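J.: Provided herewith is a single structure, encoded as structure tokens, for subsequent inquiry.
Nothing in this text is a laboratory measurement; each read-out follows from the coordinates by a stated rule. The model shown is predicted, which means the values in this text are computed figures rather than measured ones. Note that each Cβ is placed from the backbone with ideal geometry, even for glycine, and that neighbours are counted across all protein chains shown.
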Amino acid sequence: MQVLIPTPLRSYTGARLVEAPGTTLGEVLAELDRRFPGIRFRMIDEQEAMRPHIRFFVDGEQTFDLSRPVRPGEALQIVQALSGG
Amino acid sequence: MASKKKAAKKAAPRARRPSAPVRRAPKRAARTVVLVATRKGAWLFHGDAARKRWRADGPHFLGHVLSHLVLDPRDGRTLLAAAKTGHLGPTVFRSTDLGRTWKEASRPPAFPRVPAVASAEGQAGEKGRVVDHTFWLTPGHASEPGTWYAGTSPHGLFRSEDGGVTWDPVAGLNDDPAYRRWMGGPQDGTPDGPKLHSVIVDPRDAAHLYLGMSSGGVHESLDRGASWAPLVQGMEVVEGFDPATIAFHDPHCVRLCPSNPDRLWQQNHCGIYRLDRPERTWVRVGRSMPKQVGDIGFPMVVHPRDQDTAWVFPMDGSTVWPRTAVGGKPAAFVTRNGGKTWKRLAAGLPAEQAWWTVKRQAMAADRGAPVGLYVGTTQGELWASRDEGARWTCLARHLPEIYAVETAELG
């Protein structure tokens, strides 16, 4: 699927948009980490929780569930949360 | 909270044999580099041989929160940087060419994952810990190239044996039931979380370690971190609290004396202390500081060749703890007699209306003769003295808030 990368993470991808396959959000993030080592841990902590200021939108819908299925044609937006300033 | 009885259960390590002070002739470095970590990036200040002219190299990692930047003295070229950003999780960056290029650790410090489903073995209800940021970096013993230690917030100790590429938790501390009680959680500690800091490796013995926890005491291991015991006797705590409770002890900065590894110095939330091993009782040597200044502060620096000389940079720890220079008049203080007396060193520093302070990692000494001192302020100024604090000059202004200052020598 197509993944929109926020500016804080573009040092990993070198691009605003990248492709990463997967059938769930978790699989897509794992594939991203395989291609861009280290990127997942900046977004997901060691207890498998999303970090407080990172948000995920699948096909425009916010999700906090790494097992959320993703379908062909959907896009993933990774967003840095607006956290008050 | 831990009781005195519980604290006593931790076996006291055997006392180390005292050794004669080590005195070496000063070897003048060709170049001193001052490593500055700030709230918004890192800078390297390269000095000439006279330490008069300085060249700023930076910013590195502009916008990243850098807690510590340390050069490995064992190879003179490997830099480790503890970093995070406002949005992203913590990591460690590594350079082997003095910061020209950086690579990220493939496995940064992180606590073990706690299974989502509680096991029958007692993890019911336990929430897995998460490293918020790596706060402290210490190169390992000279005999163990590639070994590093990292202290985190919340409290955690981690070790790398491959030069900072991969990190593993030190379970002997992190998972010890007593230490779990003494360690702070996200609600404790300094405004941005409890810190594990001052990780010290005895230069005579790679297995002999010390560390400090704010708050949570000073601790010692004689087996490379497999087991630990508190070393807090003699340390005072905030009035009204019980010093028998390890969690109430708040060492801000602990230093081992390079010329006598049996001597430790400490700047604590409650005073300045010295400990000469094999003794186990800290002596509050800050009582001899001027009464109007007091002996509260964050950093402490020890002379590289003189065990009786150490510097502090006091702050206002009265009333609501302003954590500013006392009276708006910043000054370092030096003792040259093991803490019996202290002398104010403020020539060149702002004479009044300067309300900054110096954090626990933001004061450092070089190995020159006379010793050079370096101080980074919360308002982004880097001050230096080429004469052991007698006269100060400002090397840089308008940097972000400075979190850490370290020195290194380049051949």
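J.: Using +1 on the beta carbon of Lys and Arg, -1 on that of Asp and Glu, and nothing else charged, what's the dipole of the range A:4-65 about the Cα centre, debye to 20?
T.: For this selection, approximately 400 debye.
J.: Mind checking A:9-17 for the average number of partner chain beta-carbons within 10 Å of each residue's beta-carbon?
T.: Counting other chains' Cβ atoms within 10 Å and averaging over A:9-17 gives 1.
J.: Any chance you could list the semi-axes, whole Å, largest first, of the equivalent ellipsoid that the Cα gyration tensor gives for the range A:2-80, using √(5λ)?
T.: For the range A:2-80, the semi-axes come out at 16, 15, 12 Å.
J.: Could you work out the pair-distance distribution P(r) of the protein assembly as shown from its alpha-carbon pairs, with 10 angstrom bin width and percents rounded to whole numbers?
T.: 4, 19, 29, 26, 14, 6, 1, 0
J.: When the Cα centres of the range A:1-70 and the range B:326-403 are compared, how far apart do they sit, in Å?
T.: 45 Å
J.: Average the reciprocal distances over every distinct pair of alpha-carbons in chain B, invert the result, and give the Kirkwood radius in Å.
T.: In chain B this quantity evaluates to 21.4 Å.
J.: Counting Lys +1, Arg +1, Asp -1, Glu -1, what net charge surrounds residue B:225 among other residues with beta carbon under 11 Å of its beta carbon?
T.: -2
J.: Could you name the aspartates and glutamates in cross-link range of residue B:103, using Cα to Cα under 16 Å and dropping any fewer than eight places away on the same chain?
T.: Partners within reach: A:33, B:72, B:162.
J.: Which order do the peptides B:44-57, B:324-337, B:151-164, B:237-250 come out in when sorted by mean C-beta neighbours inside 10 angstrom, highest first?
T.: Most protected by this proxy first, the peptides run B:151-164, B:324-337, B:237-250, B:44-57.
J.: Mind putting a number on the dipole of chain B about its Cα centre? Charges go on the C-beta only, +1 for Lys and Arg and -1 for Asp and Glu, and I need it in Debye to the nearest 20.
T.: 880 debye
J.: Here is a further query. Can you run phi through the Karplus equation (6.51, -1.76, 1.60; θ = phi - 60°) for the range B:334-344 and list ³J(HN,Hα) in whole Hz, with x for Gly and Pro?
T.: 10, 10, 10, 9, x, x, 5, 9, 10, 10, 6
J.: Just checking the output field for A:43-55: average partner chain Cβ neighbours within 10 Å of each residue's Cβ?
T.: Average neighbour count from other chains, rounded to a whole number: 5.
J.: Moving to a separate point now. Among all the aspartates and glutamates, which ones have a C-alpha under 13 Å from residue B:40's C-alpha, if same-chain residues fewer than 8 places away are not counted?
T.: List returned: B:401.
J.: Here's something else I'd like to know. Along the charge dipole of chain A, pointing to its positive end and built from +1/-1 on Cβ of Lys, Arg, Asp and Glu, which listed residue (A:7, A:60, A:43) has its Cα farthest out?
T.: Of A:7, A:60, A:43, it is A:7.
J.: Taking the alpha-carbon centroid of each part, what is the distance from the range B:223-286 to the range B:298-320 in angstrom?
T.: 14 Å
J.: What nm distance separates the two modelled labels at residue A:65 and residue B:31, each placed 7 Å from Cα along Cα→Cβ?
T.: Inter-label distance under the simple model: 5.7 nm.
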